[in-house]
1. Taking the chain as a Gaussian network, where each spring joins two C-alpha atoms under 10 Å apart, which residue of R34, R300, R16 fluctuates the most?
2. Can you flag which of K172/K354; K164/K242; K153/K242; K50/K85 are past 24 Å Cα-Cα?
3. Quick one: pull the percent of accessible area on the range 292-393 belonging to carbon and sulfur, 1.4 Å probe, ligands and nucleic acids left out.
4. Give the aspartates and glutamates whose C-alpha is closer than 20 Å to that of K283, dropping any in the same chain fewer than 8 places away, or say none.
5. Whole-Hz ³J(HN,Hα) for each residue in the range 52-66, computed from phi via Karplus 6.51 cos²θ - 1.76 cosθ + 1.60 with θ = phi - 60°, x for glycine and proline: what do you get?
6. Tell me, what does the Kirkwood hydrodynamic radius of the chain come to in angstroms if you use every pair of distinct C-alpha atoms?
7. Return the calculated 222 nm mean residue ellipticity for the chain, to the nearest 500 deg cm²/dmol, obtained by summing -39500 (n - 2.57) across DSSP H runs with n ≥ 4 and dividing by the residue count.
8. Put a dot 7 Å past each Cα toward the Cβ at S178 and E165; how far apart are the dots in nm?
Amino acid sequence: MPGLKAPSDYSQEPPRHPSLKINAKQPFNAEPPRSALIASYVTPVDFFYKRNHGPIPVVDDIERYSVLIRGLIDNPRELFVRDIKMLPKYNVTATLQCAGNRRTAMSKVKTVKGVGWDVSAIGNGVWGGAKLADVLELVGISKLTSTTKSGGKHVEFVSIDKCKEENGGPYKASIPLSRATNPDADVVIAYEMNGEPLNRDHGYPLRVVVPGVIGARSVKWLDCINIIAEESQGFFMQKDYKMFPPSVNWDNIDWSTSRPQMDFPVQSAICSLEDVTAIKPGKVKVSGYAASGGGRGIDRVDVSVDGGKTWVEAYRYQKPGAQYISDDMNSDKWAWVLFDVTVDAPQSTEIVVKAVDSAANIQPENVQEIWNLRGILNTSWHRVQVRVGHSNM
């Protein structure tokens, strides 16, 4: 593509914050310390997890960079960044989460395949750009369209980056046209993150952000948009990021029996404590995040200090000082909520958190129930251990 290129090696990688936990160097995959996630409602760019499948693309001429919209439409069109910026700008606050978040804990039950993420492959950003529904109107697709005249039912996003899973081809993913053309779905072609231009790690110059859906569908470094009849046949749609029962293994898997994962389930994690933390006897503050996909709010966050026998309800918030109310017009429906509660911990114990979303979905108690060979969607109760020590008097 003119103006944007995918390097063949990792010699042109951008600088990253030194506190990131690097889970893989090539391609670069890293997450922040869990404590950084609860320091602010909007995750700073430096502490937003980095998920990549190949070398980071390089822009050598932003004026020549464009995105081609084509496929089952009557009017294909090439759009430049200036064309996108001429459309109404929206700022959508949305949480992105890698489907493999908390994979490391799932792997402790039985080995799974994938990058070993702790609890921080998630972040909350303010994404500035044009709504995809407005962009598609430029090529004659009206809002709230589920099928084009030529039979297009899906919107495929193709990246400029190259990945080995696609045999050196580009990363690609798709969403239903009905979601893409629905203004209330808030799918954006973003050129800003947290009020600043996207940086290279997060998709500069243009990326897609699909709120409420696993991060794998929010394609970065956008090259083209294809209107197609069926779901994208890309590797990461058809042979990855699908949910299977624990009985499926690499010998008997049939990828065609499961649909590509879209919405992420209700999730929560404790970020104020590590997996094992030494504390003094007395009160301990338990803080973290909770989120659910599909625009569902968080109705409750429960914390237990006795391994799940008894529970207390945590305080939930998005804006500091204002209690969060699910589905309230002042709440960000695509964003996580932060929670905190102070509990008594007179002795060593296991502290557990679970969340309930606005559709009454609740996290499963045990990871064994949802174990799957790719280690995705570990939404089991999050558990940490506290070791209480007594100071010498």
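1. Top of the fluctuation ranking is R16.
2. Values: K172/K354 33 Å; K164/K242 19 Å; K153/K242 20 Å; K50/K85 26 Å.
Among K172/K354; K164/K242; K153/K242; K50/K85, the Cα-Cα distance tops 24 Å for K172/K354; K50/K85.
3. 48 percent
4. Straight-distance partners of K283: E274, D275, D302, D306, E313, D340, D344, E350.
5. Each residue's phi maps through the Karplus curve to give 9, 10, x, x, 6, x, 10, 8, 10, 7, 5, 5, 8, 5, 8 Hz.
6. About 21.8 Å for the chain.
7. -1500 deg cm²/dmol
8. For E165 paired with S178, the spin-label model returns 2.6 nm.
The values are calculated or read from the model by the stated rules, or taken from the named source; none is laboratory data. Source: prediction; values computed, not measured. For neighbour counting, all protein chains shown are included, and Cβ atoms are generated from backbone atoms with ideal geometry for every residue, glycine included. Quick note on the areas: whole protein, heavy atoms, side chains included, nothing else; ligands and nucleic acids left out. Shrake-Rupley method; radii C 1.70, N 1.55, O 1.52, S 1.80 Å.
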